[in-house]
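Trainee: Take a look at this one; I'll ask things after.
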Amino acid sequence: MRFVFVTLPHWALGCLMLAGVAISFANVVARYAFGSALFWAEEVLVFIAIWGVFIGMVAAAYQRAHLSMDLFSGRIPARLKPALNAAIVAVMLACCVFMFAQSWKVVLLFFQGGVVSVSAGVPKWIPHAALPFGFALTAVAVLVRLRFYLTDKD
């Protein structure tokens with residue numbers, strides 16, 4: 001499972017980063033060597049960044065490496081930790097399900113409407129699909145690692 005939820009996302013993030021660097025480099029060369037920038041580059045870089053965030057979210061959830069506030073949780077007695085961990089999992093899963101449902105509606109609207117981005121002409125459902133994709137896989141990653149989330153042990 002680590003391959004699916006950590007290795008593949010890291011490879012995808014690396015590929016996205018390389019693509020972003022290549023587009024940025026090509027844009028700089030086009031601008032300064034040929035006097036004409038790639039008009040679509042900035043928009044595509046934003047789409048790459050969006051996908052990067054939501055792919056990275058999956059790996060962070062699997063590893064339980066997401067941001068957390070431990071100011072109070074560090075002081076909670078050990079006997080209450082399982083209840084706190086269960087509450088964290090419940091809230092995380094509820095947020096993932098809610099965000100998946102809402103973002104899926106937006107993706108469907110963009111898909112059905114045939115809306116495309118202004119500069120690059122990319123169908124808008126493609127960058128917006130990063131959200132339901134990321135939230136669905138994050139929920140699956142949390143469920144796969146439920147024991148780790150509840151007990152803090154692998």
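The values are calculated or read from the model by the stated rules, or taken from the named source; none is laboratory data. Quick caveat, the model's predicted, so the values are computed rather than measured. Heads up, the Cβs are rebuilt from the backbone with ideal geometry, glycines too, and the neighbour counts pull from every protein chain shown.
Trainee: Determine if the stretch 73-82 includes at least one residue that is in contact with a Leu (Cβ under 9 Å, 6 or more places away or on another chain) and aliphatic (A, V, I, L, M).
Mentor: Within the stretch 73-82 (the criterion being in contact with a Leu (Cβ under 9 Å, 6 or more places away or on another chain) and aliphatic (A, V, I, L, M)), the answer is yes, since at least one residue qualifies.
Trainee: Sticking with this structure for a sec: Test of understanding: among 26, 37, 61, 83, which residue is at pLDDT 90 or above, surrounded by 14 or more Cβ atoms within 10 Å (Cβ to Cβ) and part of a helix (DSSP H, G or I)?
Mentor: Testing whether each residue is at pLDDT 90 or above, surrounded by 14 or more Cβ atoms within 10 Å (Cβ to Cβ) and part of a helix (DSSP H, G or I) leaves just 61.
Trainee: Kindly indicate which of 105, 153 is modelled with pLDDT under 95, of a type in the set (Lys, Arg) and loosely packed, with under 13 Cβ neighbours inside 10 Å.
Mentor: On the way: 105 fails: modelled with pLDDT under 95.
153 is the lone residue from the list that is modelled with pLDDT under 95, of a type in the set (Lys, Arg) and loosely packed, with under 13 Cβ neighbours inside 10 Å.
Trainee: Next up: Within the stretch 1-23, which residues are without any contact (Cβ under 8 Å) to a residue 40 or more places away in the chain and either surrounded by 14 or more Cβ atoms within 10 Å (Cβ to Cβ) or within 23 Å of residue 118 (Cβ to Cβ) (or both)?
Mentor: Result: 4, 8, 16, 19, 20, 22, 23.
Trainee: Further, regarding this structure: Of all residues being farther than 19 Å from residue 90 by Cβ, part of a helix (DSSP H, G or I) and of a type in the set (A, V, I, L, M) in the stretch 124-144, which is farthest from the chain's Cα centre (by Cα)? Just the residue, please.
Mentor: Result: 126.
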